[in-house]
1. If you take every residue apart from GLU425 with its C-beta less than 10 Å away from the C-beta of GLU425, what net charge results, scoring Lys and Arg +1 and Asp and Glu -1?
2. Report, in order of residue number, the helices in the chain meeting two criteria: a C-alpha extent of 24 Å or more along the helix axis, and a mean Kyte-Doolittle hydropathy of at least -1.0; treat each whole DSSP H run as one helix.
3. Write out the GluC sites (Glu not before Pro) in segment 282-391 meeting two conditions: DSSP loop, and at most 15 other Cβ atoms within 10 Å of their Cβ.
4. Which of rounded, prolate or oblate describes segment 215-373 when judged by the alpha-carbon gyration tensor and an a/c cut-off of 1.5?
5. So what is the relative contact order of segment 215-373, in percent, for Cα pairs below 8 Å that sit 6 or more residues apart?
6. Net charge near LYS390, counting Lys/Arg +1 and Asp/Glu -1 over other residues with Cβ under 14 Å of its Cβ?
7. When the Cα centres of segment 261-306 and segment 201-232 are compared, how far apart do they sit, in Å?
8. Identify which of GLU75, GLU280, GLU216 has the largest mean-square fluctuation in a Gaussian network model of the chain, with springs joining Cα atoms closer than 10 Å.
Amino acid sequence: MIRSDTIVASATAPGRGAISIIRISGPQSAQIAQTLSGKTLKPRIATFGSIISGSEVIDTGIWIYFIGPHSFTGEDTIEFQGHGGPVVIQTILRLITHHGARLAEPGEFSQRAFLNGKIDLTQAEAISDLINASSVSAVKAANNSLQGHFADQINSVISDLIGLRTQIEAHIDFPDEDINPQSINTFSLTITNIKTHINKLIQSANEGAKLNRSAEIVLIGEPNAGKSSLLNALAQAPLAIVTDIPGTTRDLIRHDLLIDGLEVRITDTAGIRSTTDIIETEGINRAIEALQGADLVLCLFDERHQQISDDSVQHLIGMLSNIPVGLLNTKIDIDRKPIDNQTRYPLLEVSAKTGEGLDEVRNWLLDQLDLTTHSETPFLARQRHLEHLKNANLHMNAADRHHLAVETIDLVAEDLRLAQNALSEITGRFTSDDLLTSIFSTFCIGK
Ligand SMILES: Nc1nc2c(ncn2[C@@H]2O[C@H](COP(=O)(O)OP(=O)(O)O)[C@@H](O)[C@H]2O)c(=O)[nH]1
Ligand SMILES: [Mg+2]
């Protein structure tokens, strides 16, 4: 599906840089390049040349012509690698639009690649996720999706479903004939296998969806344990008020920070204790709520504690399953006596005041949060993918519950059709224009 208009955008980040790349895509690309360079460009050959307006040289660089469909968008595409100054770029963009192209919308190049069948929707999304990746694991997972591994899995389930549907629907045409019990067994087995596959994908997608956002670290402890001081020390800024009055922090204080290139969000909370103060109680409720969305919890204990038991941890965090928990012995500049750790959680020592132990805390956080060291890299998944997978799962369960027989075969066939549709939404085979627009509008301009 070749669009009739030609689009242009700077593909490199705004601001000053050594080089900028301007990308033109659409039927007029080659003509515009020829007019501006004064040269006939050969496909896939880098040609040194200028951009000329009238008799003036605007910029000099490298021209590359990708002839459709052998281009990212599938259309005729031109890339000009010129100098990375904002005014140069604006002047070139204006010149190109003057010659008939229009400025591209965010994500429009990727949208064209998708519409022209160069990539499926999961790959298009992976491009944006790769650009926005906030950790090494996220980069790896985005690349997995970009290579089509996620889509391959989905397509393999879809193809199993199509095979099953073809056989089942063949029986619908002969309502008077009983279905051979052996066929019923085979069908049920296939349904079970498909369900297992979908469930595995849900698990991977769940992991992958976590990578798509910054990890949430929640600091929790009794009042005055040193939570706000630790937040300030990690953020290297006085974000939270620190006093020796217990109950100083009431609301949640969130801060995004990079630890060795890994984007994390740290939440400082109100100290956990029983109190009659209404505002503080609300603060404590919010702290407990924050725990529910946490990827990792740090429990702080200061020098007042000689011993940490499972009970003392549970008192702070309740029952949290599957979330990594770390214990911190704080304020070690005051008292260096080690705390007796009777729990299975690791205990680190830190002083927010002197900075001692902060590097160890950062390293431990990195170790826990960067999934590369812990599990196989999953696909980078979005909430959207998870919802479609869960939907497909619901329809498969319904198909399973209907127990295949002559009387129920229509219902089973319909459930299988709906499951297939849900999966097809992931790769974009059945996706409405509105949804596509909303997905691509979150991309960068020029991508
Ligand atoms: N000496 C020392 N004092 C600290 C340290 N961290 C916190 N404090 C003090 O402990 C008190 C409570 O700290 P704060 O961070 O507000 O604790 P929160 O209630 O857990 O947020 C304040 O008086 C801080 O100055 C530390 O590492 N060393
Ligand atoms: Mg505090």
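Any read-out appearing in this document is the output of simple, stated calculations on the displayed coordinates, not a laboratory observation. The model shown is predicted, which means the values in this text are computed figures rather than measured ones. Please note: Cβ atoms are built from the backbone with ideal geometry, for glycine as well, and neighbour counts cover all protein chains shown.
1. On the way: positive: ARG384, ARG429; negative: GLU387.
Summing Lys and Arg as +1 and Asp and Glu as -1 gives +1.
2. Helices meeting the criterion: 149-172, 181-211, 409-427.
3. Details: sites: GLU282, GLU289, GLU303, GLU349, GLU356, GLU360, GLU376, GLU387; in loops: GLU303, GLU356, GLU376.
Here the sparse-neighbourhood loop sites are GLU356, GLU376.
4. On the way: a/c = 1.20, a/b = 1.13, b/c = 1.07.
Since a/c stays below 1.5, the shape of segment 215-373 is classed as rounded.
5. Values: 300 pairs, mean separation 38.0, N = 159.
For segment 215-373, the relative contact order is 24 percent.
6. Numbers: positive: LYS195, LYS200, ARG382, ARG384; negative: GLU387, GLU425.
Its environment carries a net charge of +2.
7. Result: 11 Å between the Cα centres.
8. The residue that fluctuates most here is GLU280.
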